[in-house]
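Nothing in this text is a laboratory measurement; each read-out follows from the coordinates by a stated rule. The structure presented is a predicted model; accordingly, all values stated were derived computationally and were not measured.
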Amino acid sequence: MQQLETRNAQLRLSIVLGALAMTLATPVTAQAQDEDRFEGAYMFVGGAKQRQQREASIDSTVSQLNAIIRPFALRAFNKTTAVPSRIVFSRQGELLAIALVPMPPRPSRVDGTPSEFVTVNGSTATLMRRHQGDRILETMSQRRGSRIITYRLRPGGDVLDTSWRVEAPGVLETPLEFRLTYRRVGAGPQ
């Protein structure tokens, strides 16, 4: 009789542990599947209108600055917020790589874990990405400020909206902000 009770207790324990393991694993699997929805290549389709809106936003932001540093700021903003011809999302194991073409892909986790990398200018920056539902929020920070890009996949998975924001507290009164739109052109889960 005692053996039967022990066996039943072991069986109940296995069921509880199995259910617990499934419960803990489900959010990770669901999140990975959501992130995988972004995988693929997207071509810029915002046209001249979005390019002009970006340029107007840069001009407005630069006008806040001292006249002596405006030309330098204009070059810096044009370089750090250049309109990528394509955006490519690819999975690299547990990492998600995002390439703002022609820039190389930058892989990172999408759980908010910061990672450091060297920029095209040779300086060090911190990259942090966080997956939030239909969005991936990317923050690249340097000592002078931050560039934040929100990637939002529209229902159906064919259109990618990006919102760009450049902040430089103590330098800019208002941040630089603009939006760019992309359409899926390459393979990837949808």
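See the values below:
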| read-out | value |
| --- | --- |
| Rg over Rh, two decimals, region 37-184 (C-alpha only, Kirkwood Rh) | 0.96 |
| Relative contact order for region 37-184, counting Cα pairs under 8 Å that sit 6 or more residues apart, in percent | 23 |
| 5 angstrom amide H check on Val185, placed H, neighbours 5+ away | Ala41, Tyr42, Met43 |
